[in-house]
Amino acid sequence: MRWLLGRIGVVVLTCAILLVANRLIIDNIKEYYVSVLVLCGLYATLAVSLNLINGITGQFSIGHAGFYAVGAYVGGAWTMLIRPLVVKSLPILQTGTQIGDHLNLFIALVLGTVCAGLTGLLVGLPSLRLRGDYLAIVTLGFGEVIRIVILNMDVVGGPRGFTPITELVNNHGIPLVWIFGLLVVVVAFSRNLLKSAQGLKFLAVREDEIAADAMGVNTTRVKVTAFVIGSAFAGAAGVLYAHCQTGITPDSFDMNTSIIITTMVVLGGTGSISGSLLAGIALTALPELLRNDFIKEYRMVIFSTLLVVFMLTRPQGIFGHREIALPRFLRRLGRKGEPNP
Amino acid sequence: MQALVQTLIYGVETGAIYALIALGYTMVYGVLRLINFAHGDVYMIGAFVGFFACTQWLPFKDLSQHPEAAMLNVVLALVTLLLSMLICALLGITIERFAYRPLRNGFRNADAHFWGFVIALPVTAFAGAMTTTKRQGVFLFAGVVIGFIMRPVMAYLAKRIKPSGSRLNALITAIGVSLMLENGGINIFGADPKFIPDILPKRQFNLFGLVFDSSGLIILAIAAILMALLRYIVLYTRPGKAMRAISHDIDAAKLMGINTDRVISFTFALGASLAGAAGFMVAAFTNIKVVPLFGLQPGLKAFVAAVLGGAGNIPGATLGGLIMGVVESLVASKFPQWRDAVAFILLIVILLVRPAGLLGKNTAEKV
């Protein structure tokens with residue numbers, strides 16, 4: 001009972017903080033910085049969700065943008081194509097009102113998440129039989145195939161891109177709450193997974209697949225589960241991306257995007273949730289905030305050099321497998337004065 | 001029927017290029033079990049060397065104004081081919097020395113030097129971009145100083161770590177090097193498309209109602225010569241024998257007194273020179289635009305070809321390249337919009353059905 005109350009308290013508190021922060025942000029911050037915040041939240045979500053596959057389960061995937069794309073296009077398809085058909089019989093879905101906007105976004109989110117998860121299942125089932133570098137290449141291939149399939153779908157605009165999904169962009173503020181809500185959910189999910197008995201299976205697969213198999217862990221099932229969950233979260237991020245942008249094209253989800261997300265996970269420390277989170281925020285925000293043409297122009301060169309140098313000097317990433325947790329940090333501060341035991 | 005045969009001929013021409021690139025992938029995979037992602041970008045550098053040689057470095061004559069200069073241009077084109085191969089070989093050796101070798105043997109002081117300066121470069125360029133033209137010398141000096149400061153920092157980092165044998169780290173490093181070359185290329189060469197002018201006279205031959213392009217035949221002939229040369233080197237020379245020994249068992253090869261690092265460098269040089277030749281030939285003979293992302297798609301397709309034939313298997317790479325080219329041109333003739341997806345679908349199918357490739361041997365994984 002106490003546990004449940006505690007959990008509910010955390011959820012309520014988080015919601016309250018998000019809503020208050022949203023009000024403050026929308027009222028006081030320039031629109032440009034809001035868009036930077038949006039991108040930070042999305043990329044942090046993507047990095048943490050990829051960390052679930054790459055870091056925690058140890059299955060190296062570099063095609064994450066494919067699932068991001070699935071989410072974005074499914075969410076967009078709901079808002080632009082399906083909703084106008086349904087709205088006649090269900091007037092509550094009319095946009096423009098608070099409840100209508102939120103409800104729409106929620107339905108899009110559910111649809112996008114489910115579709116991306118299903119795509120993850122479809123991709124994961126065959127390809128997770130492979131391991132190591134071959135798995136990486138196959139996921140890269142699937143990511144590209146998804147992009148090319150979307151490129152050839154005329155319903156969603158093909159290479160011209162999807163017509164602007166602007167209805168929610170105008171009420172910015174709505175996406176922001178959802179984006180950071182999603183981020184909190186992803187981080188909480190990953191953290192709780194690691195603390196649970198289920199999570200130990202994921203770690204066991206990462207540490208030694210054969211030993212895990214011998215201990216009775218169904219390794220294929222664990223790997224596919226991680227893949228599906230990771231892709232589903234990426235899809236959710238995609239839905240929100242589609243609703244914050246004035247338009248999406250298949251080129252927004254190309255190999256570069258996948259590789260940027262991978263870079264975040266690798267630099268932050270494969271296996272460290274807080275590492276991926278911070279790397280996702282830092283690698284998105286820094287180039288935007290240090291906004292001058294030089295950094296913009298050389299961003300990818302700097303990223304790639306960092307990637308190589310890190311691989312050579314600190315292959316486990318900045319945080320390695322460790323987490324930054326506030327309680328432990330405070331405890332360490334408190335212990336400073338005491339003599340070492 | 002005739003259209004089909006014509007498509008097949010085009011397929012073989014593209015396939016020869018894929019085979020040349022795939023050979024580099026497969027040789028490196030054979031000796032190091034590493035997917036050298038940067039190989040496609042070496043191919044791109046080959047095309048750029050060809051572009052600069054044809055337009056600036058070498059005195060090529062414009063054939064429309066001096067039709068008698070054809071012979072001179074042929075000789076110069078051969079020189080350009082060799083130049084592309086040479087520069088790409090050097091690039092391949094550099095990549096191996098500073099990106100992949102530290103992963104194998106640990107980070108040494110020389111590596112710290114190199115990467116310290118690589119990090120200092122954008123800092124210098126940044127400082128240079130922020131100032132007026134007068135002060136740029138000062139900032140160049142500052143960059144060198146920063147390079148020297150970075151060196152001990154990196155060396156300190158390096159002392160604390162052991163070489164990592166993880167193949168995934170190697171793969172991520174390779175992806176990083178590939179991105180460095182692509183984006184560095186965008187910053188240095190510019191993203192605008194460049195074209196190599198017609199340097200050789202073009203003719204078309206009609207035989208049995210089929211059209212043969214002189215450029216396609218040149219590509220096929222040079223590719224065949226290079227592959228024969230490679231086969232000779234691998235099978236009948238000492239470095240080739242050492243390469244085969246390393247790909248068989250690198251530790252045993254070390255015990256037999258083979259300088260494995262040198263042979264691995266040699267392997268990279270061989271593979272990169274083939275890719276450089278392919279890059280120059282494609283850029284010069286097919287009127288394709290040369291951009292810094294020139295090597296991305298061909299690189300991935302050639303990698304698929306290498307896996308198709310069996311990674312690590314040299315005849316397999318040739319076979320895989322030809323199959324890849326033929327399949328792609330067959331699909332492109334019917335469904336042009338699916339052209340780029342073919343390679344990936346083929347890759348997925350092979351890896352799921354026969355991961356060892358057509359000519360590769362299946363090996364069971366031992367505990």
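Of the residues making up segment B:259-295, those that are open to solvent by 10 Å² or more (accessible area, probe 1.4 Å) and at pLDDT below 90 are B:Phe285, B:Thr286, B:Asn287, B:Ile288, B:Lys289, B:Val291, B:Leu293, B:Phe294. For segment B:351-367, the candidate set comprises residues that are more than 10 Å from chain A (Cβ to nearest Cβ) and open to solvent by less than 60 Å² (accessible area, probe 1.4 Å); within that set, the residue that is modelled with the lowest pLDDT is B:Gly360.
Condition first: part of a helix (DSSP H, G or I), among the basic types (Lys, Arg), within 14 Å of chain A (Cβ to nearest Cβ) and open to solvent by 20 Å² or more (accessible area, probe 1.4 Å). Can you find one or more residues in segment B:335-342 that meet it?
Taking segment B:335-342 first, the residues part of a helix (DSSP H, G or I) are B:336-342.
In the following step, the residues that additionally are among the basic types (Lys, Arg) were identified as B:339.
When the remaining residues are screened for being within 14 Å of chain A (Cβ to nearest Cβ), the result is B:339.
Among the residues that remain, those that are also open to solvent by 20 Å² or more (accessible area, probe 1.4 Å) are: B:339.
Among the residues of segment B:335-342, at least one is part of a helix (DSSP H, G or I), among the basic types (Lys, Arg), within 14 Å of chain A (Cβ to nearest Cβ) and open to solvent by 20 Å² or more (accessible area, probe 1.4 Å), which makes the answer yes.
Is segment A:242-251 home to any residue that is farther than 22 Å from A:Pro159 by Cα and part of a helix (DSSP H, G or I)? Working first, answer last.
Going through segment A:242-251, the residues farther than 22 Å from A:Pro159 by Cα turn out to be none.
Within segment A:242-251, not a single residue is farther than 22 Å from A:Pro159 by Cα and part of a helix (DSSP H, G or I).
Residues of segment B:265-297 being within 14 Å of chain A (Cβ to nearest Cβ) and of a type outside the set (Gly, Ala, Ser), which ones? If you could, list the steps in order and put the result at the bottom.
Keep residues of segment B:265-297 that are within 14 Å of chain A (Cβ to nearest Cβ), which gives B:292-293, B:295-297.
Within segment B:265-297, B:Pro292, B:Leu293, B:Leu296, B:Gln297 meet the criteria.
Only residues that are within 23 Å of B:Leu296 (Cβ to Cβ) and either in contact with a helix residue (DSSP H, G or I) (Cβ under 6 Å, 6 or more places away or on another chain) or of a type outside the set (A, V, I, L, M, F, W, C) (or both) were counted in segment B:190-214, giving 5. In the set (1) farther than 19 Å from A:Gly199 by Cβ; (2) out of contact with any Ser or Thr (no Cβ under 9 Å at 6 or more places or on another chain); (3) modelled with pLDDT of 75 or more; (4) open to solvent by less than 40 Å² (accessible area, probe 1.4 Å), A:Gly271 fails one condition alone, (1).
One line per residue, one yes/no per condition, for (1) more than 14 Å from every other protein chain (Cβ to nearest Cβ); (2) modelled with pLDDT of 75 or more:
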{"residue": "A:Ala282", "(1), (2)": "yes, yes"}
{"residue": "A:Leu307", "(1), (2)": "no, yes"}
{"residue": "A:Ala325", "(1), (2)": "yes, no"}
{"residue": "A:Pro339", "(1), (2)": "yes, no"}
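Only one entry in A:Ala188, A:Ala197, A:Ala211 is open to solvent by less than 50 Å² (accessible area, probe 1.4 Å), of a type in the set (A, V, I, L, M, F, W, C) and under 24 Å from A:Val11 (Cβ atoms), namely A:Ala188. Considering B:Ile323, B:Ile348, the condition of being modelled with pLDDT of 90 or more and not in a loop (DSSP other than H, G, I, E, B) is satisfied by B:Ile323 alone.
Residue-level check: of (1) modelled with pLDDT under 90; (2) away from chain B (no Cβ under 11 Å), A:Gly117 misses just (1). Candidates in segment A:104-160 are the residues that are closer than 27 Å to A:Val222 by Cα and outside any helix (DSSP H, G or I); of these, the one that is most open to solvent (accessible area, probe 1.4 Å) is A:Arg129. The sole residue among A:Gly6, A:Gly58, A:Gly66, A:Gly71 that is open to solvent by less than 40 Å² (accessible area, probe 1.4 Å), out of contact with any His (no Cβ under 8 Å at 6 or more places or on another chain) and on the phi > 0 side of the Ramachandran plot is A:Gly58. For segment B:182-205, filtering for residues that are surrounded by 11 or more Cβ atoms within 10 Å (Cβ to Cβ) and among the acidic types (Asp, Glu) leaves 2.
Can you pull out every residue in segment B:231-245 that is under 21 Å from B:Asp261 (Cβ atoms) and either within 20 Å of the chain's Cα centre (by Cα) or acidic (Asp, Glu) (or both)? Correct list: B:Ile233, B:Val234, B:Gly240, B:Met243. Per this entry, A:Phe67 is not counted among residues that are of a type in the set (Phe, Trp, Tyr) and without any contact (Cβ under 8 Å) to a residue 40 or more places away in the chain.
Can you name every residue in segment B:256-265 that is of a type in the set (Val, Ile, Thr) and in a helix (DSSP H, G or I)? Lay out the reasoning, then the answer.
Residues of segment B:256-265 that are of a type in the set (Val, Ile, Thr), as a first pass: B:258, B:260, B:263-264.
Selection gives B:Thr260, B:Val263, B:Ile264.
Taking the criterion of being assigned to a loop (DSSP other than H, G, I, E, B) and in contact with a His (Cβ under 9 Å, 6 or more places away or on another chain), would at least one residue in segment B:290-305 satisfy it? Yes. Being part of a helix (DSSP H, G or I), touching a residue at least 24 places away in the same chain (Cβ under 8 Å) and over 22 Å from the mean Cα position of the chain (by Cα) is a property that does not hold for B:Leu358. Among residues of segment B:24-39 that are not assigned by TED's automatic domain parsing to the domain that holds B:Pro292, none has a beta-carbon under 6 Å from a residue that is of a type outside the set (D, E, K, R) and surrounded by fewer than 24 Cβ atoms within 10 Å (Cβ to Cβ) at least six positions away or on a different chain.
The values are calculated or read from the model by the stated rules, or taken from the named source; none is laboratory data. Values in this document were obtained by computation on a predicted structure and should not be read as measured data. FYI the Cβ positions are ideal-geometry reconstructions off the backbone, even for glycines, and counts take in every protein chain you see. Ligands, DNA and RNA are stripped out before the accessible areas are found, and what is left, the full protein with its side chains, is counted by its heavy atoms. Shrake-Rupley method; radii C 1.70, N 1.55, O 1.52, S 1.80 Å.
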